[in-house]
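Below you'll find the structure, written out as C-alpha cells, and then a few comments.
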Amino acid sequence: MKHWSRDHDECQNCHSSEHPHKGKGLCVPCYYRQYKRKPRPKLLTYEDGLQDAVYAVNSMLDEHDATCWLRDNTIYIQAAGKTAKKRVG
C-alpha cells in the first residue's frame, strides 16, 4: 500500500489524501491555513496588465501592513509611513 506521506496515510487535519503532503502531517492547503502562509503567486509579465500586478503585490503586502495602488500609470507602494512611486508604461 502506498502511503500519502512517510508517516501518515492522510492529512491529519482534513483527513483527505486528495492534496499532496506539505509537512508536519498536513496537506498543502491545511499547512498554509495553519501557518498563515500563502503559496507564492505566479510571476506576472507586463502583458498580464498593471491591475493584475497591483493585485498580486497587495496580496503579498497585506501581511506587512503595506498597500499598493495604481494611478495614472504610476505604481505607489506605502509601508511604514513612507510612500514609494514608480512610473510605468
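The values are calculated or read from the model by the stated rules, or taken from the named source; none is laboratory data. Because the structure is a prediction, the values reported are computed rather than measured. With ideal geometry, Cβ positions are generated from the backbone for all residues, glycine too; neighbour counts draw on all protein chains shown.
Which residue pairs have Cβ atoms closer than 9 Å, lie 6 or more positions apart in sequence or on different chains, and pair a first residue in segment 61-88 that is under 20 Å from K36 (Cα atoms) and assigned to a strand (DSSP E or B) with a second residue that is at pLDDT 80 or above and aromatic (F, W, Y)?
T67/Y76
For segment 11-33, does any single residue satisfy the condition of being part of a helix (DSSP H, G or I), β-branched (V, I, T) and at pLDDT 75 or above?
yes
Quick one: R6 ticks every box in (1) surrounded by fewer than 12 Cβ atoms within 10 Å (Cβ to Cβ); (2) modelled with pLDDT under 70 except a single one, so which number is it?
(2)
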